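The structure under discussion appears below in the form of structure tokens.
The values are calculated or read from the model by the stated rules, or taken from the named source; none is laboratory data. Since this is a predicted model, take the numbers as computed values, not measurements. As a convention, Cβ positions derive from the backbone with ideal geometry for all residues, glycine included, and neighbour counts pool all protein chains shown. When the accessible area is computed, the model is the full protein with side chains, heavy atoms only, and any ligands, DNA or RNA have been set aside. Shrake-Rupley method; radii C 1.70, N 1.55, O 1.52, S 1.80 Å.
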Amino acid sequence: MSQRDYLLKGTFFLTGAGFLTRIAGFFYKIFLSRTIGAKEIGIFQLTSPVYAFCIAVCIGGIQTAVSRFTAESYAKGDRSAARQTLFCSLVLSVFLAVLCTAALVSFAPWIASRFLLEPACAPLLKIIAFSLPFCAVHACISGYFIGCKNVSVSALSQMLEQFVRISTVLLIFVLLQKEGRPISSSAMAVGQIAGEISSALYCTCILVSGRNSVQKKAPAAIRPFPTQSQYKKLLSVSTPLALNRMLLCILQGMEAALLPQQLEQSGLTSHNALAVYGTLTGMTLPLIFFPTAVTGAVSTLLLPAVSEARALRQKKQITDTVNAGFLASVLLGSFFMISFLLFGKNAGSWLFHNELSGILLKKLAVICPFLYLNTTLNSILHGLGKTTAVFLYSAAGFAVRLASVIVLVPRLGIEGYLYGMILSQVLISACSLFLLRRGNYLTASIPDILFLLVSKETRTAFKEKGRH
């Protein structure tokens, strides 16, 4: 399969799965907003930074390394090395996931009261902790299949996870309603476990059964156990990535813990502060992130594509891929920015029966071009081995957001945080584009978008520009 066909086919599968899961997620969020309420959603969202930190420890760097090394191994025709990379990743990731589960269950009350500043999060942390080993299995196998250009497994597992998650919460709601008991945020945590278990079992069954095109082409004789050098190779890439993401999760956790407290400093009550936080994170941001079904699919495929081209030293292939990703992301971001500016207020009110969500959506509309572009650029930079640069840019962006929480939120309320979010994404975009320009990986520019929309001649001119 050619690189172009792979990107088109893979984007179609992953985008389709992403859209379906996000559409289901929207109805899920609407259901939650009307049954559980903004406060309970806010309490559950407070656990996200802790869960993300655990994911960074046991999965984050390893999954990226699996996709990268698998793509490089298949580019060189060494399928045995690809399978051994998967074996290494499963051993390391599941082991770390079990340790994180034990730690999270043991220290949940302390984390909830001292770090998240909300004791009600303790039961939720204990529940979601048990999803980590299954999440590790799902992530490693999914990363392996993406690296060897088999994206259907990842797409289907993503859809299955969302379907089981929502179905579980709905089932709990029906059972509690029959008993006359109210549903709480604990149901969301149970649904998360069920979703991860289902996706992990699906990926494992596909891997073991061999019902995929990649495994059918694999050689029969494969060395079952990797060497010590292969573990070191995987750790050499995954450890810096994991440390980077852990630090970013700590910053994100500080932000999540401080934001409700700083909103109280702006004049809101504790209940209203949690409600505003829940509205932003549980209603408005899912709408903003909806189009990332496209950019997320593209970025997932770009990492192995760029890694493969880099391994084969195909500089022109990398340049063409970077240009295409840049132009597509800016076009998509501009379209949704205009859409949210025009219809965002009504969309938030209509979907969630929450006027504040529509107001926040309209004010955050300008973030779209930068947010969607950063998703693509980060994946490209990872494929080029620029992991340190990605970390530094992301850390700088989080520092801006954290500063806005501390300085602006007490004075301006939630609007101060929105300003920080927008500025942080602009900063990350500027730094990433500068790095790609300096390395001559990016030759397209914003005017090229206009030219590409005008005539065929301009598209031909752009291709010639990319060659030089």
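Here is a yes/no grid of residues against (1) farther than 25 Å from Thr239 by Cβ; (2) not hydrophobic (A, V, I, L, M, F, W, C):
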site: Leu86; (1), (2): no, no
site: Val91; (1), (2): no, no
site: Ser106; (1), (2): no, yes
site: Glu118; (1), (2): yes, yes
site: Ser131; (1), (2): no, yes
site: Leu176; (1), (2): yes, no
site: Gly180; (1), (2): yes, yes
site: Gly195; (1), (2): yes, yes
Qualifying residues in segment 126-142 (those that are over 20 Å from the mean Cα position of the chain (by Cα) and in contact (Cβ under 8 Å) with a residue 60 or more places away in the chain) - the one most open to solvent (accessible area, probe 1.4 Å): Phe130
Qualifying position, being hydrophobic (A, V, I, L, M, F, W, C) and either open to solvent by less than 30 Å² (accessible area, probe 1.4 Å) or over 16 Å from Ser33 (Cα atoms) (or both), among Leu175, Leu170: Leu175
Candidates Ala122, Ala155 - the one that is crowded, with 17+ Cβ neighbours inside 10 Å, aliphatic (A, V, I, L, M), in a helix (DSSP H, G or I) and in contact with a Pro (Cβ under 6 Å, 6 or more places away or on another chain): Ala122
Which numbered condition Cys431 fails, given (1) open to solvent by less than 20 Å² (accessible area, probe 1.4 Å); (2) over 19 Å from Met254 (Cα atoms): (1)
Cross-chain or 6+ apart pairs with Cβ under 7 Å, segment 45-61 first and open to solvent by 10 Å² or more (accessible area, probe 1.4 Å), then at pLDDT below 85 and of a type in the set (Val, Ile, Thr): Gln45/Thr281; Phe53/Ile250
Inter-residue pairs, beta-carbon under 6 Å, first in a helix (DSSP H, G or I) and in segment 350-371, second among the hydroxyl-bearing types (Ser, Thr, Tyr) and surrounded by fewer than 20 Cβ atoms within 10 Å (Cβ to Cβ), 6+ apart: Glu355/Ser349; Gly358/Ser349; Pro369/Ser334
Residues located in segment 183-208, provided they are within 13 Å of Phe163 (Cα to Cα) and β-branched (Val, Ile, Thr): Ile193, Ile197
Single condition Leu427 does not satisfy, out of (1) at pLDDT below 85; (2) closer than 30 Å to Val237 by Cβ; (3) not in a loop (DSSP other than H, G, I, E, B): (1)
Tally of residues being open to solvent by 10 Å² or more (accessible area, probe 1.4 Å), polar (S, T, N, Q) and closer than 30 Å to Glu72 by Cβ across segment 266-303: 3
